[in-house]
Amino acid sequence: MTALLVGESVSRHFGGLRAVDNVDFHVDEAEILGLIGPNGAGKTTLFSVAAGSIPPTSGRVLLAGRPVSGKSAHRSVHLGVCRTHQIVRPFARLTVLDNVLVGFHYGRPATVPHRDPREVAMELLEFIGLAGDAHRLPGALTLAGRKRLEMARALATGPRVLLLDEVVAGLNPAEAGRLVGLIRQIRDRGIAIIMIEHVMHAVMALSDRVIVLDHGRKIAEGTPAEMVDDPLVIEAYLGRDEGDEEPGHA
Amino acid sequence: MTAARPLPWISLRALITFAVVVLVLWTGPLVLPLGDYTHNIIGLTFMFMAAALAWNWLGGFVGQISFGHSAMFGVGGFVAARLMLAFGLPTVVGWLVGGLVAGGYALLWGHPTLRLRGPYFSIATIGVGEATRLIATYWSDFTGGSSGLSLPLSSGPTKYQLYWYGLYLLVAAVAISYWLRRSRIGLALLAIKEDVEAAADVGVNATRYQDLVLFLSGTMVGVCGGFYASYQAFIDPQDMFSFDRSISLILMTVIGGIGTVLGATGGAVVFVIIQEFLLANYSQLYLGLYGILLILIILFEPLGLTGLLLRLRRLIGYRRLPADAGGPASTAAGSATEAAAAEGQKGMAEEAQP
Amino acid sequence: MAVITMNGRSARLPAIVALATLGAAALGLAACTPTQSSDDSGGADAIPAKIVIGATLPLTGTESKTGGRFKQGYELAVEAENADGGLDLGGKKVPVELKLLDDTTDQAKAVNLAQRLITQDKVNFLLGTYSTTLVEAQSTVAEQNQIPYVNGGGAATSIYGKGFKWIFGTLAPVENLATTEMQWISEQQAAGKLPKPAKVALIWENTSHGKDFRKGVKDFATAHGTDFQIATDESFALDGKDFSAILSTVRTAKADLLMVDAHLPDFITMQRQYLSSTMCNKLITYGARGAESDARAALGQKGVDYILSAVWWNAQLGDKGLNKDFIDRFTAKYGAAPEWYQAEGYEAARALLAAIAGAGSVNKQKVRDTLSTMNIDSILPGGKLSFPPANGGQADYPFVVQQNLPDGTSPIIYPADVATGKGVAPNPNCKG
Amino acid sequence: MREALTLAISAILLAGFYAAMAYGLGLIYGVLRIVNLAHGGIIMAAAYLTWQLFDRFGIDPYLAIPIAVVVFFLIGVGLYLGLVRFLPRGPAGAVQSLLLLFGVWLVIRNIVYLLFTGNDQAIQTRYATSSAGILGAHYSVTRILVFLVAVVALVALHLLLTRTYLGKAIRAVAQNPDSCTLAGINVERVYAFTFGLGTALAGLAGVLASTLFAFNPSFGASELLKSFVIIVLGGMGSVLGIASGAVVLAFAEVFSIYVVPPYLTTAVGFVLLVVVLVLRPGGLFGQRVLR
């Protein structure tokens, strides 16, 4: 079957720094693509390009054959590509429900909802497991809760491709486990997912395919199984360690 | 977009209260023996309330503090005056056209500058306001320069009638405020105010909505400028475009409670009361008075009078069940979102947790 | 594509809706606004128990200093009138009450308070406030309500050029300031002390004051054909920080006469730069500036030497007649010599009182007519005060030209009949 | 041509004052990310202090500099500890700081007004109108002195920020307060000091202004606005950035007389401000503006 979201030799440079360097990728419907690599590898930058937040220096990203990169973020969302943030960014002074409603009202302008969006939103919150907190403020949620909210808000926009940036990281094993399950369910709804993740077992458990980035370049691609014993990957992770912040959200 | 909303953006109760208040204000002067002076001052106050509300759309709802709204006030005033002088346009038409021109002018500088946030935007608006003032002051052919413009005394509504025109202005401003706050758009504005990027990442076209609000704000302030021109019958650039005028709008809103409809209006009233009655006796203290007021409000009650009211409400244990209201997209009067959005300036959302 | 249009509507629709609301609210309801049942007691001819004269002055705010001076003038005049029981209306002595409010140098307030004095306090007549813009704003109220309004604080000709019938001003137009100075200058030309033709550098602040000054100079120059040629003609913004650009144009123009119109801060800044740039023109004037104590304090005696200045009135006029009487009573009451502000305030009030007495009633129309036709003895230069309708009710008389001398005095040097000293030209400080 | 030269020199002299005027605003913004709207008020108050010292005790303005600097340093620290400290950090705080410090400005203006009335004041030193020749043309001694002081201040400030431990701490905090806290720097103390220093610099500017111009309680408004223009033009990167911004503005104002009528020279600055803010926002204040 044909790939849904395709990146064609995508590059993004910040001044001299090649944050993303000539990367090709693709993800199919109902597929989970893992995106791994050490800090500073350019994963988040790649997300930002795919989500339209920042234009690529060269190359392009296509959704079902139509370019989504290089447009403004909200356009990409309207086309069906939505991303979450590594550091969750809920609208702190909107209730959980209203956070989701923003997505419903503005994420999918083409589809005029026949039903009360607030009902739909509540259903989504049920699914995501935040129904009980609908009328609370994000500040009152646990980290796990806020990560779920971040995902709920993204789902509300009715994406065809969901870009998840380290949603599992920082959660305790139990929460992580539940979230992994949730992500599967989302995939089962036919939504393509690209996820950046440092929590290896999560990536390995979820991903149908994995792409490894290092210094902005794609150094490996394949099934999770293939990745674990790929020398390049091991070197990338163990060979050198780099604590520096990734460009893109510097 | 109404399709997207089950409930009207203003509850029946609110609507009725509003109508009653307007009716009282409309008939007030006819039954009560107000002195002419008070009568006129109230009329002028209506205009200030409308202007403060308009400023609040941008400053409060979107969180972009403008120090340059005098620019639109002046443009509106002078365009209206010119139109009345040159073509003898009916006063109200003059105001509206003046307002639209002012709104257009606001877009002209606003569209590019609204990409800036926080202090950067504010600084830019200071630049805009000052540049506009200087250019207007020396563009004698249009503004009459330092000698200003005098409107025809005979034509147009009398000061006495202006009271009601002011009232209509206020009604329009309040209506737009509620609509901006409570309709679907209110949700977008709150999101933008919270985090532009995140808003864009869920599909909100931040630029478009900021532009829209600035245009509305500029237009309304421009119309107020026209009203002021008719009220004064003489306007000169130094006064119309003065920095203090922009400041007074900020003061009104901040005193009353930035980001809230009630606040902007109440603030304007307090502002005028201070102007008229306190300053009459202690006029050499008025600058400091406002200064201290500002400091106290920012430090202790960033929501101004509205904040005090909210506290009072909390004190007497008043709670609105959030279940009956889910934020701006519905009737948000007491909802956590509204309260929190109000509390907003404090930067502590927990405050509003029901 | 649907995305775009859909979005487009969602954002544009509101604008239309909102403007519709606005339009409907204003236009639709414009019709139904009550109108006022006006009770105009203006025509009443009955002799009242007292005559109430209303006025606002900037007693606080930026013009507070001047406002206070006008207050002194107003009060002195009214006090003098009441000293013998008040105004004589048809054989009946009627006391005069002055109702004075503080407009805090704020335009809107000046307008509102004037409105209040007329409609609420039902004053019979109005005296004006100070500074052109405030008077200009206030005059419209007086005109609307058809109440005589005499002011000593608005000089701009624009105030009197609107065909208003009820506005009278005792300040002669600033044109006259320039004209009077030019007259003295051309006398010096005739005496061969100043070159003929003389190159004039004309620098004016961009205010109505500056504009009128400029007009005076230019009109005089054109009237005197070849005697003067305007070498530079520049205006500057208030509160300038650096005048080097303007001064350099003056330098390159090689002007003989430097004729500037500026208010105090700019005068100080500019004169300091002028002096330190070692420029020297055969004659300098800063319009009304230069003789005041503030100027000497800020620039030092040498800094203001030989500066030519012209004012509406000057205490040195007070050696005889009305002036002596005025100054004596003023110094007796306030323990200081009056300046032109107090004099103008005093004259404005006196003129109004004289008109009331002349009309023999408080009938606004009659008093207005008297004001526009009367011609009374005055302390102002020329000794006569009238409000010629030809000038829209603005008084018209020569200024008094003073010159600062090294000995620290600033004698009146023109017009000759009131001169207390001899003018010096060209500026002896300039070598070559 | 030599007229242009003369103008260029006086533009440079003006730039000296402009730079001195903007240092304080720039420093405080660069470190605390707070726009000190009270800046103009401080300048005005310092002018009055200088005038009083000169008038009552005959202290020469330039000798009054150390006094003013100390006094306003303390005032600045006081303002920080008493008011600014309580503002939330982040965007909300940024907006509130504008309003708070504007309030402070109003209060200062009113106090000065009550103490000395609204009249224009000016300081008349012996050398106020004396001049010195540079390249044939003559320039006011005061302007030259002001320029020199500004340069000295520039160098001193630069050294302080680059050479001393305190300076390094300030710059570290400016870059990343959080990690500084971790590194054991007392961020609050650095903030207090910086605010004091910025206020002291504004005080210095006030002293210099008092020797050049006549002033009254509303003096300082245009100084504040021009300081904005300068820090926006020069970017917040460094003290040198501010200085260069000052030069740009001064030249723009002085030479714009060839392009626009003299009375519009002031407007030039503000137009510049907006244009630069819009076109080069990324370069502004030395960091990303667009969020």
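Listing for the model above:
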item	result
Qualifying residue in region B:101-111 (condition: surrounded by 24 or more Cβ atoms within 10 Å (Cβ to Cβ), farther than 21 Å from D:Leu272 by Cβ, at pLDDT below 90 and not basic (Lys, Arg))	no
Flag for B:Ile176 being modelled with pLDDT of 85 or more, under 20 Å from B:Gly222 (Cα atoms) and out of contact with any Leu (no Cβ under 6 Å at 6 or more places or on another chain)	yes
Meets criteria (under 25 Å from C:Ala156 (Cβ atoms) and under 15 Å from the mean Cα position of the chain (by Cα)) for C:Ala390	no
Every residue from region D:133-152 that is at pLDDT 80 or above and within 12 Å of chain C (Cβ to nearest Cβ)	D:Tyr139, D:Ser140, D:Val141, D:Thr142, D:Arg143, D:Ile144, D:Leu145, D:Val146
Residues located in region B:255-267, provided they are over 11 Å from the mean Cα position of the chain (by Cα) and more than 12 Å from B:Leu309 (Cβ to Cβ)	B:Ile255
Set A:Gly52, A:Gly40, A:Gly15, A:Gly7: member being modelled with pLDDT under 85 and in contact with a Phe, Trp or Tyr (Cβ under 9 Å, 6 or more places away or on another chain)	A:Gly7
Criterion: in a helix (DSSP H, G or I) and among the small types (Gly, Ala, Ser) - qualifying residue of B:Gly68, B:Gly99	B:Gly99
Residues of region B:144-173 satisfying the condition of being hydroxyl-bearing (Ser, Thr, Tyr) and at pLDDT 85 or above	B:Tyr163, B:Tyr165, B:Tyr168
Top-ranked residue of region A:76-101 - restricted to ones that are surrounded by 23 or more Cβ atoms within 10 Å (Cβ to Cβ) and of a type in the set (D, E, K, R), ranked as farthest from the other protein chains (Cβ to nearest Cβ)	A:Arg83
Check on A:Val96, in contact (Cβ under 8 Å) with a residue 12 or more places away in the chain and in the same structural domain as A:Arg189 (by TED's automatic domain parsing)	no
Residue, farthest from the other protein chains (Cβ to nearest Cβ), within region B:198-223, restricted to residues that are farther than 12 Å from A:Val77 by Cβ and among the charged types (D, E, K, R)	B:Asp211
Failed criterion for C:Thr104 (all others in (1) over 17 Å from the mean Cα position of the chain (by Cα); (2) in a helix (DSSP H, G or I); (3) within 11 Å of chain B (Cβ to nearest Cβ); (4) closer than 29 Å to D:Asn216 by Cβ hold)	(2)
Qualifying residues in region B:253-277 (those that are free of Cβ contacts under 8 Å to residues at least 12 places away in the same chain and surrounded by fewer than 22 Cβ atoms within 10 Å (Cβ to Cβ)) - the one farthest from B:Ile41 (Cα to Cα)	B:Phe277
Some residue of region D:32-44 being surrounded by fewer than 23 Cβ atoms within 10 Å (Cβ to Cβ), within 14 Å of chain B (Cβ to nearest Cβ) and at pLDDT below 95	yes
Sole exception among (1) more than 16 Å from C:Pro148 (Cβ to Cβ); (2) assigned to a helix (DSSP H, G or I); (3) within 14 Å of chain B (Cβ to nearest Cβ) for C:Thr62, by number	(2)
Single match in C:Thr226, C:Thr285 (criterion: under 24 Å from B:Ser146 (Cβ atoms), out of contact with any Phe, Trp or Tyr (no Cβ under 8 Å at 6 or more places or on another chain) and touching a residue at least 24 places away in the same chain (Cβ under 8 Å))	C:Thr285
Selection from region D:257-268 of residues that are within 14 Å of chain B (Cβ to nearest Cβ), without any contact (Cβ under 8 Å) to a residue 40 or more places away in the chain and farther than 12 Å from C:Ser244 by Cα	D:Val260, D:Pro261, D:Tyr263, D:Leu264, D:Thr265, D:Ala267, D:Val268
Region D:25-49, residues that are of a type in the set (Val, Ile, Thr) and touching a Gly at 6+ places or on another chain (Cβ under 7 Å)	D:Ile28, D:Ile42, D:Ile43
Residue among B:Leu294, B:Leu305 that is modelled with pLDDT of 85 or more and facing another protein chain (nearest Cβ under 9 Å)	B:Leu294
Residue within region C:247-254 that is in contact with a strand residue (DSSP E or B) (Cβ under 7 Å, 6 or more places away or on another chain), surrounded by fewer than 22 Cβ atoms within 10 Å (Cβ to Cβ), at the interface with chain D (Cβ under 7 Å from one of its Cβ atoms) and not in a helix (DSSP H, G or I) present	no
Among residues of region B:285-318, those that are surrounded by fewer than 17 Cβ atoms within 10 Å (Cβ to Cβ), of a type in the set (Phe, Trp, Tyr) and farther than 16 Å from D:Leu87 by Cβ, counted	1
C:Thr269 being closer than 30 Å to D:Thr142 by Cβ, crowded, with 19+ Cβ neighbours inside 10 Å and hydroxyl-bearing (Ser, Thr, Tyr)	yes
D:Gly93 being within 14 Å of chain B (Cβ to nearest Cβ) and under 22 Å from D:Leu208 (Cβ atoms)	no
Matching residues, region B:174-184, being within 19 Å of the chain's Cα centre (by Cα) and in contact (Cβ under 8 Å) with a residue 40 or more places away in the chain	B:Val174, B:Ile176, B:Ser177, B:Tyr178, B:Trp179, B:Leu180, B:Arg181, B:Arg182, B:Ser183
Any chance B:Gly74 is away from chain D (no Cβ under 14 Å) and buried (at least 24 other Cβ atoms within 10 Å of the Cβ)	yes
Residues of region C:329-357 that turn out to be over 21 Å from the mean Cα position of the chain (by Cα) and either surrounded by fewer than 16 Cβ atoms within 10 Å (Cβ to Cβ) or touching a residue at least 40 places away in the same chain (Cβ under 8 Å) (or both), as a count	11
Subset of region D:259-272 that is over 14 Å from B:Trp139 (Cα atoms) and modelled with pLDDT of 80 or more - its residue that is surrounded by the most Cβ atoms within 10 Å (Cβ to Cβ)	D:Gly269
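The values are calculated or read from the model by the stated rules, or taken from the named source; none is laboratory data. On a predicted model such as this, the values are computed, not experimentally measured, just so you know. Here Cβ is always computed from backbone atoms with ideal geometry, including for glycine, and neighbour counts include all displayed protein chains.
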